[in-house]
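Scroll down for the structure; my scribbles are underneath it.
None of the figures in this text is laboratory data; all of them are computed from the coordinates on show. Keep in mind it's a predicted model, so treat the numbers as computed, not measured. We place every Cβ from the backbone using ideal geometry, glycine too, and count neighbours over all the protein chains shown.
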Amino acid sequence: MINIPKGTKDVLPEQSYKWRFIEDSAREVARTFNLSEIRTPTFEYTELFKRGVGETTDVVNKEMYTFEDKGGRSITLKPEGTAGAARMFVENGLASRPMPLKTYYITPAFRYERPQAGRLREFHQFGIEVFGSQSYETDAEVIFAASAFLDKLGVKTKLEINSIGCPICRAEYNKALKNYFEPKLESMCETCRTRYVQNPLRMLDCKEEGCRKINADAPKITDYLCEECREHFTGVKSLLSAQGLEYTVNPRIVRGLDYYSKTVFEFVSDEIGAQGTVCGGGRYDGLVEQLGGAHVPAIGFAAGIERLMLLMENTGAKFPEEQKPRIYIAGMDKETRAEAFKIAVGLRLKGISAEIDHMNRSVKAQFKYADKLGAEYVAVIGENELKSGVINIKNMKNGEQQAVKTDELYAYLK
Ligand code: HAM
């Protein structure tokens, strides 16, 4: 037997309705927030993620599925959706459209991480990307969209927000970080020492115990924000508060990807173990330009579907009912089975789910099978039914029987 690759998951037939519920909820939120779906390839040129996500991030440094294709090009399976969306925006000249351009996607993503609860190598994201607006209303709207989505799923999370400033205030902050870290570098990990040179902000993202202790007293970005960034952040917070959306400001959120500026946020839960962030996002005003486009500010988020599933299951959240046949139609011999087949197909073509036997079961076994499937009604076609064109249908919930003409069956079940 060949096993499933480590860090991946099958969705079995009896689980998929849960997936559909989460995806339908995402699409419904996208509809009410007027977001249009985009689809980008599962793989891109490696350069896109190196330039977009950033070479000092764990995602690019350690976690990418990168390979050379037969034409000798370096290809990478997308570790996230934002870089591809921004590439699409630039390549198709979407900056000429009326702004903002509000988009969403549901996509698989791939990261070579150590698998654990809520952390996979192939996972799925529902993401939103809004291009072209620099106003803080857009930040608040995107955060509200995430919150509306989580509400729809019935999960409870905490919203944490931060501002990591723009290149102007970041320069000041980086200096402060370097001053703080310099005398401590000896006792920090090798990755941090490299990051000290390349991108000190990323040091705050280190998971090593020793480094984390040192990080706890590092200067806070919120003390270094320039006037514009501070006002922007105040604007976002005031809109969240005005609508009663609770949040805490966590100056330790720096996010794991390099393209962010100004607002960043995470929705976290402590019900699913170490991987508690179910949704994360923020502003990325420099990414489009960095990928060769005009200066187009943007903001978005992505929520991990597997993590949400885990959270829903761990907290007993409600899923809608699994799909079940409306009616099961049993036949007993060649002729009556053919009639059952005909009725079932007719109902299906009109949009009613119907099931029949495919395994040559006895009538008794068919009743058992119909019950297992959770069919709402069961009808048996016998010789009499064939002649009279009237069938008895049994309501499996309350046991009541009703005689219905075959050609009125659709109207009855509708
Ligand atoms: P991210 O924080 O790297 O952000 O990922 C977003 C979400 O994807 C996480 O909060 C988590 O729920 C899920 N996720 C990440 N890695 C894994 C994994 N290995 N297994 C299972 N779930 C995972 C981004 O990807 C950004 N592109 C979000 C964004 C969009 N920012 C702006 N626009």
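Would you work out the relative contact order for the chain, in percent, from Cα pairs under 8 angstrom that are 6 or more residues apart? Could you put the intermediate results ahead of the total?
Values: 712 pairs, mean separation 67.0, N = 414.
16 percent.
Positive end of the charge dipole of the chain (Lys, Arg +1 and Asp, Glu -1 on Cβ, about the Cα centre): tell me which of 49, 35, 11 has its Cα farthest that way.
Ranked along the dipole, the leading option is 11.
What is the list of residues in the stretch 262-295 whose amide nitrogen lies under 13 Å from a point 7 angstrom out from the Cα of residue 207, following Cα to Cβ?
274-277, by backbone N distance to the label point.
How would you classify the stretch 1-93 from its alpha-carbon gyration tensor, with a ≥ b ≥ c the square roots of the eigenvalues: rounded for a/c under 1.5, else prolate if a/b is greater than b/c, otherwise oblate? Mind dumping the intermediate values first?
On the way: a/c = 2.19, a/b = 1.18, b/c = 1.86.
It is oblate, given that a/c is not under 1.5 and a/b is not larger than b/c.
Set the Förster radius R0 to 45 Å, insert the Cβ-Cβ distance between residue 137 and residue 392 as r into 1/(1 + (r/R0)^6), and round the FRET efficiency to 0.05. Intermediate results must be reported in sequence, preceding the final value.
Details: r = 61 Å, r/R0 = 1.36.
That pair, residue 137 with residue 392, gives E of 0.15.
At 7 Å along Cα-to-Cβ for each site, give me the label-to-label distance between residue 2 and residue 175 in nm.
5.9
In terms of the Cα gyration tensor, with a ≥ b ≥ c the square roots of its eigenvalues, is the stretch 230-311 rounded because a/c is under 1.5, prolate because a/b exceeds b/c, or oblate?
On the way: a/c = 2.27, a/b = 1.30, b/c = 1.75.
Oblate shape, in that a/c is at least 1.5 and b/c is the bigger or equal ratio.
Residue 338 to residue 9: FRET efficiency via 1/(1 + (r/R0)^6), r the Cβ-Cβ distance, R0 60 Å, to the nearest 0.05? Write down the numbers at each step before the final one.
Values: r = 41 Å, r/R0 = 0.69.
Approximately 0.90, to the nearest 0.05.
With 10 angstrom as the radius, rank 189, 279 by how many other C-beta atoms surround their C-beta, starting from the fewest. Working shown, then result.
Working: 189 15, 279 26.
Placing the least packed residue first, the sequence is 189, 279.
R0 = 41 Å: FRET efficiency of residue 313 with residue 217, Cβ-based, nearest 0.05? Before the final figure, lay out each step's value.
Working: r = 38 Å, r/R0 = 0.93.
About 0.60, to the nearest 0.05.
Decide, for the stretch 327-413, between rounded, prolate and oblate: order the square roots of the alpha carbon gyration tensor eigenvalues as a ≥ b ≥ c, take rounded if a/c falls under 1.5, and otherwise choose prolate if a/b is larger than b/c, else oblate. Write down the numbers at each step before the final one.
Numbers: a/c = 1.23, a/b = 1.04, b/c = 1.18.
Taking the square roots of the gyration eigenvalues as a ≥ b ≥ c, the stretch 327-413 is rounded.
Using 0.36 nm times the number of residues separating residue 228 and residue 365, minus their current alpha carbon distance, what extension gain do you get?
On the way: separation 137, 0.36 × 137 = 49.32 nm, distance 7.26 nm.
Extending this stretch completely gives an extra 42.1 nm.
In which sequence would 391, 168 go, from the one with the fewest C-beta neighbours within 10 Å to the one with the most?
Values: 391 22, 168 13.
Fewest-to-most Cβ neighbours within 10 Å comes out as 168, 391.
Can you flag which of 334/405; 350/394; 350/397; 18/207 are past 27 Å Cα-Cα?
On the way: 334/405 21 Å; 350/394 21 Å; 350/397 24 Å; 18/207 33 Å.
The pairs that break the limit, which is 27 Å between Cα atoms, are 18/207.
If you place +1 on the Cβ of every Lys and Arg and -1 on the Cβ of every Asp and Glu, how big does the dipole about the Cα centre of the chain come out, in debye to the nearest 20? Kindly include the intermediate steps, with their values, before the conclusion.
Working: 58 positive and 58 negative charges, 124 e Å.
Dipole about the Cα centre, nearest 20: 600 debye.
What's the extension gain from residue 372 to residue 289 if we count 0.36 nm per residue and subtract their Cα-Cα distance? Write out the running numbers ahead of the final one.
Working: separation 83, 0.36 × 83 = 29.88 nm, distance 5.71 nm.
So the extension gain works out to 24.2 nm.
Give me the aspartates and glutamates in straight-line cross-link reach of residue 324: C-alpha distance below 17 Å, same-chain residues under 8 apart excluded.
Output for residue 324: 14, 355, 357, 371, 376.
Taking the dipole about the Cα centre of the chain, with the C-beta of Lys and Arg at +1 and of Asp and Glu at -1, give me whichever of 245, 142, 382 is farthest to the positive side.
Positive-most Cα among the choices belongs to 382.
Quick one: length gained pulling residue 408 to residue 95 fully straight, 0.36 nm per residue minus the C-alpha distance? Present the calculation step by step, with values, prior to reporting the outcome.
Working: separation 313, 0.36 × 313 = 112.68 nm, distance 5.58 nm.
Extra length available between residue 408 and residue 95 comes to 107.1 nm.
Between residue 182 and residue 348, how many nm apart are label points set 7 Å from Cα along the C-beta direction?
It works out to 7.4 nm between the two label points.
Can you sort 358, 124 so the residue with the fewest Cβ neighbours within 10 Å comes first? Mind dumping the intermediate values first?
On the way: 358 8, 124 22.
So the residues, fewest neighbours to most, are 358, 124.
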